[in-house]
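The values are calculated or read from the model by the stated rules, or taken from the named source; none is laboratory data. This is a predicted model, so every value here is computed, not measured. Cβ: placed from backbone, ideal geometry, glycine included. Neighbour counts: every protein chain shown. Surface accessibility is based on the protein's heavy atoms, side chains included, excluding ligands, DNA and RNA. Shrake-Rupley method; radii C 1.70, N 1.55, O 1.52, S 1.80 Å.
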Amino acid sequence: MLLPFRHSSIRVRLLMASTVVQVVLLSLLLANSMRLMNNAVSASLNTTITQNASMLHAMATAYGEQQRLDALQDVLGELLAEAEEGLVYVRIAGPDGQPLVSAGLPGMTQLPAPSEHRQSFLAGLVSTGEVVHVRRPLLLARNEVGALQFGVSVSVLAAARRAIMEQGLAIAIAEIALTFFLLSTIGYFLTRNLRRLLEGSKAIAEGRLEHRVKSHGEDELAVIARHFNIMAATLQQRVAELQHTAERLQASEERHAMALRGANDGLWDWDLRAGSVYYSERFCQILGVAEMPSAPEAFLDFIHPHEVEAYRQRMISHLKGDSTQFMMEFRVRLPDDQYHWVLMRGVASRGEDMTAFRMAGSLGDINLRKRAEQQLVHDALHDGLTGLPNRAMFIEHADRALAQRRRGDIRQLAVLAINLERFSLVNDSYGHAVGDELLRRVAAHLSSFMRQGDVCARVGGDQFAVLLNGVDSSIEALRICEHLVALPAFAPSSTEQVLHPRCRVGVALSDNEREDAESLLRDADNALHKARRSETASIEFFHAEMHAQAVRALQIEAELRAALKSGGLTVFYQPIVALDSLLPTSFEALVRWPHPTLGLLPPSEFVPLAETLDLIHDIGLAVLAEVCADLRTWNDELAPDAPLRVSVNLSARQLARAELADELLRVIDASGIARGAIRFEVTESVLARHDGPAVHTLHALRAAGIDVLIDDFGTGYSTLSYLHTMPCNQVKLDGSFVRSITHDERLRAIVRHSIELAHDLGMTVVAECIEDDAQLQILREMGCDYGQGYLFSRPVDRSQTLARLQKSFGGPHS
């Protein structure tokens, strides 16, 4: 039976629904007829009530005027004693509610509520059962207002109507039940897909976008269901895209918020058309206020007066389009009247006509950075310990003073280079804290003598510089220097001793030839170097010769480096002879520098410079390599018994190297000569420390079969404290002993005992600087083993040395 409706269209279903609606309307028409009947009965009842009310009112009035209410109660009681229809009871009450007349229904103790306000018989019946209660006001004697209430029984009418209603109700229920069944059956097939669509829409509304509607049939609702599923799938995809976009947007907003919090900047947004500005909470915090006025001009009150005009001009320029971004650093006034540095940035939004209509940006607190920059600038130009200007600032002041002098100031300038003597000794003895306090005391002393325009600076560890801006002559400069060098005594807090610091001063006066501060300071340094070398003068003025000497030293330095790199140094040899036979037994290698313009330079001209430049080790290795090469060559040119042994000097700097022994042995072994052909000379001063690297190096050389000689013996530390423990084979008496040995008896005794001591320790002795026969004869008598000096030969080059050896010992085939 259900199959014919399976594929019915919605039009058929609507026709069937219309038929059912017609049945319902017929039922409603029947119900309306019953309502009209009820209304007619109710109207009749109302008439009865009205008549009874008029009658009872008249009787109550008549009896009341005669004061015969008791008689009225008897009359009415007899009348209503057996009444079951119509009027069934009467009650009259006084103004105070006390009953005056009571007739009918003696069991009624309380008056029921009146029901005459109901407008239909049906309503009254439902409310009161079968009696309609009516209450009317009643005018009593003495114009008092009482109440008249009576009841009308409608039991017969109610029973008839009840029967009609029960029959009609049964018919209506049956009809409704049949209609409900028909509508439910038809509605099930009609709304099946519609219900599913409703469930689907509810699921979509609840966010369950994966929900799909099952469709049956080919009707319009089934088609709608399929389209609904397509829509839901599309919506799910779009919502997923929106969620992804929202997540990205949220992440972007979080990054933006974190960036703003990290940047710690305040935001502002200026609506130029509305003439108002929005300021963020952080913006107000930076300015130290709770809230900012929205007027754009209000912010100008916070800007430093010196920067308001620049801010205004730059803002106008940006609004006109002259710049792509507004950016400015300026100071703002805080509520405590302090000024803080801020950085404001902003960009204007423009319309099609390039007119700015909105501008937004940020305000950053850069006060700490600006203070740090100012401190960095100060630190870059000042000494952190003394607070004095440093070298850079001193040069700037001096250049300005020189420029002023070139503009017509005829007074001279004087630049003073001041060096604090023995400052490193103070540091080593009392610690750096005392040294720092000494520098501060000296700085305060120098600053106290500065005139207006003078500048005092610290340009080095223990060196100061002073600019005397305007001196009439060198005498005035000297007078000021005398005050400066008179340093006050200084008593460190950590000791009871009083220090008396001293300083030396180099002075350079300005002239027309020097037009820059660097030159003046350089010349003052040159004068200071001379003052430091002087034993008497603590103040020296610069002369042109000092500059020439300094330039020459720099030139020699550069040429020495080039000569060392290109092999420009050479080796001369001075023989060491046996004093008994006067035949050479070995040689000392002495480095020489054939300078292209200055000629042959002795070691005293460049070895000290090489020590200062830390080139002495490279020179020593180069000399050793050349000596080894010469020995290898001579070995082929001389007889086998020729004394081919050469002494090479080792400096104190070389002996400070822990790996020196290995380096020397590698050079010797690389040349192919015997290690015993090389001997090394060291000065006795390097042997003072028994645990230093020098002693370990000498022991390593002795273990390798190489002899060690003590050079300049007797001029250094106490020989007896180390001589018996040192790995040495030979000592060389210093030339200062030999030169005076002929006329100084006490010195001759010292030399004699030194020779005896060396012999007792198993060492041989070489006397240096023997220049005449008298010296030679005395040394022979003292038992000295060997000698070296101009009496035998000056240092000569390799070819002359080879020729002498060939002359003394012959060639390889002799």
### Task
Please specify each residue of the range 664-676 satisfying the condition of being charged (D, E, K, R) and open to solvent by less than 30 Å² (accessible area, probe 1.4 Å).
none
### Query
Taking ALA457, is it modelled with pLDDT of 90 or more, in a strand (DSSP E or B) and over 30 Å from the mean Cα position of the chain (by Cα)?
yes
### Query
Only one residue in GLU210, GLU291, GLU247, GLU218 is open to solvent by 100 Å² or more (accessible area, probe 1.4 Å) and either in contact with a Lys or Arg (Cβ under 6 Å, 6 or more places away or on another chain) or closer than 24 Å to PRO335 by Cβ (or both), so which one is that?
GLU291
### Task
Return yes or no: is SER736 at pLDDT below 75, of a type outside the set (A, V, I, L, M, F, W, C) and either under 60 Å from the mean Cα position of the chain (by Cα) or over 14 Å from ALA758 (Cβ atoms) (or both)?
no
### Task
Could you run through the range 775-814 and say how many residues are in a loop (DSSP other than H, G, I, E, B) and without any contact (Cβ under 8 Å) to a residue 60 or more places away in the chain?
6
### Task
Evaluate the range 489-500: report whether one residue or more is modelled with pLDDT of 85 or more and open to solvent by less than 20 Å² (accessible area, probe 1.4 Å).
no
## Note on the structure
Of the residues in the range 751-771, those that are part of a helix (DSSP H, G or I) and either of a type in the set (D, E, K, R) or surrounded by fewer than 14 Cβ atoms within 10 Å (Cβ to Cβ) (or both) come to ARG752, HIS753, GLU756, ASP760
### Task
Identify, by number, the condition in (1) within 19 Å of VAL796 (Cβ to Cβ); (2) open to solvent by 10 Å² or more (accessible area, probe 1.4 Å); (3) hydroxyl-bearing (Ser, Thr, Tyr) that THR597 doesn't meet.
(1)
### Query
Got a number for residues in the range 315-352 being in a helix (DSSP H, G or I) and surrounded by fewer than 14 Cβ atoms within 10 Å (Cβ to Cβ)?
3
### Query
Counting only residues that are touching a strand residue (DSSP E or B) at 6+ places or on another chain (Cβ under 7 Å) and either of a type in the set (Val, Ile, Thr) or surrounded by fewer than 18 Cβ atoms within 10 Å (Cβ to Cβ) (or both), how many does the range 427-440 have?
0
### Task
Report yes if some residue within the range 133-148 is in a strand (DSSP E or B), under 30 Å from GLN67 (Cα atoms), at pLDDT 75 or above and in contact with a Phe, Trp or Tyr (Cβ under 7 Å, 6 or more places away or on another chain); otherwise report no.
yes
## Note on the structure
Within the range 733-750, residues assigned to a loop (DSSP other than H, G, I, E, B), more than 21 Å from ILE576 (Cα to Cα) and open to solvent by less than 50 Å² (accessible area, probe 1.4 Å) come out as none
### Query
Within the set of pairs 6+ apart or on separate chains, which have a first residue in the range 446-475 that is at positive phi, a second that is of a type outside the set (Val, Ile, Thr), and C-beta atoms under 6 Å apart?
GLY453/ASN469; GLY470/ARG411
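Each row is one residue, and each column tells you yes or no for (1) more than 30 Å from PRO693 (Cα to Cα); (2) in a strand (DSSP E or B); (3) open to solvent by 30 Å² or more (accessible area, probe 1.4 Å).
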position: PHE587; (1), (2), (3): no, yes, no
position: GLU605; (1), (2), (3): no, no, yes
position: PRO608; (1), (2), (3): no, no, yes
position: ASP614; (1), (2), (3): no, no, yes
position: ASP618; (1), (2), (3): no, no, yes
position: LEU621; (1), (2), (3): no, no, yes
position: ASP630; (1), (2), (3): no, no, no
position: ALA642; (1), (2), (3): yes, no, no
### Message
Which condition from (1) surrounded by 13 or more Cβ atoms within 10 Å (Cβ to Cβ); (2) more than 28 Å from the chain's Cα centre (by Cα); (3) not charged (D, E, K, R) is the one that CYS284 breaks?
### Response
(2)
### Query
Of the conditions (1) within 28 Å of GLY408 (Cβ to Cβ); (2) in a loop (DSSP other than H, G, I, E, B), GLY470 fails just one. Which one is it?
(2)
### Message
Being within 24 Å of ILE286 (Cα to Cα) and among the aliphatic types (A, V, I, L, M) is the filter here; which residues of the range 317-340 pass it?
### Response
MET327, MET328, VAL332, LEU334
### Query
Residues of the range 512-554 being among the polar types (S, T, N, Q), in a helix (DSSP H, G or I) and modelled with pLDDT of 80 or more, which ones?
SER519, ASN526
### Task
Go over the candidates PHE228, PHE189 one by one and state the one that is surrounded by 16 or more Cβ atoms within 10 Å (Cβ to Cβ), over 29 Å from MET34 (Cβ atoms) and at pLDDT 70 or above.
PHE228
### Condition broken by PRO305, with the remaining ones in (1) modelled with pLDDT under 90; (2) exposed (fewer than 13 other Cβ atoms within 10 Å of the Cβ); (3) closer than 24 Å to ASN367 by Cα satisfied
(1)
### Summary
By residue number, the members of the range 102-132 that are at pLDDT 70 or above and either of a type in the set (Gly, Ala, Ser) or touching a Lys or Arg at 6+ places or on another chain (Cβ under 7 Å) (or both) are SER102, ALA103, GLY104, GLY107, LEU111, ALA113, PRO114, SER115
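Conditions (1) within 18 Å of VAL145 (Cα to Cα); (2) open to solvent by 60 Å² or more (accessible area, probe 1.4 Å); (3) touching a Pro at 6+ places or on another chain (Cβ under 6 Å), marked per residue:
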residue: VAL41; (1), (2), (3): no, no, no
residue: THR47; (1), (2), (3): no, yes, no
residue: THR50; (1), (2), (3): no, yes, no
residue: LEU69; (1), (2), (3): yes, no, no
residue: LEU76; (1), (2), (3): no, no, no
residue: GLU82; (1), (2), (3): no, yes, no
### Task
Hey, could you check the range 673-697 for residues that are touching a Phe, Trp or Tyr at 6+ places or on another chain (Cβ under 8 Å) and within 12 Å of MET726 (Cα to Cα) and say which is modelled with the lowest pLDDT?
ALA688
### Query
Could you list, in sequence order, the residues of the range 562-592 that are farther than 15 Å from LEU791 by Cα and among the aromatic types (Phe, Trp, Tyr)?
PHE572
